[in-house]
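Here's the structure we're looking at; comments come further down.
Each value in this text was obtained by applying a stated rule to the coordinates, not by laboratory testing. Just so you know, these numbers come straight off a predicted model, no measurement behind them. Note that we place each Cβ from the backbone using ideal geometry, even for glycine, and neighbour counts take in every protein chain shown.
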Amino acid sequence: MNAGPATVGRLNLRTVDPEHDHATATAAENLPGATVFHSAAWCRLLHDCYGFRTRLFVAEADDGRVLAAVPVTELPCWPRGARGVSLPFADFCPLVHGRAEAREFLHSAIARHALERGWRHWELRGDGAPEGSSPSTLFHGHVLRLDHSDGDLPPAGVPSVRRAVRKAVNSRVSVEFSRDESALRRFHELYCRTRRRHGTPPAPWRFLAAVGRELITPGQGFVALARRGGVDLAGAVFLRHGPRALYKYGASDPDNHSFRPNHLLMARSVARLVREGCVELHLGRTSLGAEGLRRYKLSWGAVEHIISYTRLDPIGGRFLTAPDRTRTWPTRFFRRLPTPLLRAVGAILHPRLA
């Protein structure tokens, strides 16, 4: 359901539970710019895993057409009050809309709600902030356009990508695709070791299991594993929303990087997404200082853009700045922890990092 005719008339605010109001949730998911994070499935996994309750804020025309929408989760913010986020563990979850006036109306309505609820702030992760706002945090985003004539490799990729893919093939690396829990468990093992190397706590298995249950098993994503000699060398989790896909999680074994498993995994995954009818692949957010990761994503011919997070103080009515937390972790400490202990730490910290 899209915006429709030129005249909008009066706008009305509704807040609904996307897990139960399927008609409104579907209308919101069909607005321009909606992502997998706008889906009721993402809201369900947040609730099933951590008990987080999400409300879908909707601006409607008098005739019931949904003109703007954004899901917002209220989270405890120890030791003072609560905060609102769109949306926990989302790379980006913009306020989607068909009209600018509906965007402005909805953002103002959420600001009033935040003030009434006593939130410390409400954070919009992505586009849709009101005119005159200033971003709290910036990230790079990269979008790879998919063409059915591309074959295994996007034509805009640099020559080094093609050489890396050929090396992986010649090294007898293969790529396995699955929607089974067993494949997701193998990915999680590799993912935990990767997070230890990066010095950041991993998401616990129960969260990845919820992603598998709500999105991957029903067909809105898949797990890809690059293997050689029966050993998992690299892995990734891809999620889908209609014809658009997202590279959500990645992991790899540094001792086997010389075989270039990540390049073959991405090439084969792109080919699979093309066969499934996808038109673009978003490669996720990248911290502004992560130049190595940024160069890797650009090497595939991805188009770069800025992802803006906007954080509003509802009491003062001012926009706040916030650090990129992915760059402020005590990485040396976490790198020294044994993997089982780091998993335990991740299980405790992950819901607090939403």
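Worth a mention:
- Cα-projected label distance for residue 352 with residue 120, points at 7 Å along beta-carbon direction, nm: 1.2
- Structure-based [θ]222 nm, the chain - -39500 (n - 2.57) summed over DSSP H runs of at least 4, per residue, nearest 500: -10000 deg cm²/dmol
- Kirkwood-Stokes translational diffusion coefficient of the chain, alpha-carbon pairs, 25 °C, 0.890 mPa s, µm²/s: 115
- You can think of it this way: the chain between residue 138 and residue 189 has 15.3 nm of extra reach, that is 0.36 nm per residue less the Cα-Cα gap.
- Most simply put, the chain has about 90% antiparallel DSSP beta bridges, counting only bridges with both residues inside it.
- Residue-wise HN-Hα couplings along the stretch 195-206, as the Karplus relation 6.51 cos²θ - 1.76 cosθ + 1.60 with θ = phi - 60° gives them from phi, are 5, 4, 4, 7, x, 10, x, x, 5, x, 4, 4 Hz; Gly and Pro carry x.
- Put the Cα centre of the stretch 217-231 next to the Cα centre of the stretch 61-126 and the gap is 35 Å.
- Divided by 2.2 N^0.38 Å, where N counts the residues, the Cα radius of gyration of the stretch 140-306 comes to 0.97.
- On full extension, the segment bounded by residue 275 and residue 332 gains 16.3 nm, given 0.36 nm per residue less the C-alpha separation.
- Expressed as a fraction of 2.2 N^0.38 Å, the C-alpha radius of gyration for the stretch 11-133 is 0.98.
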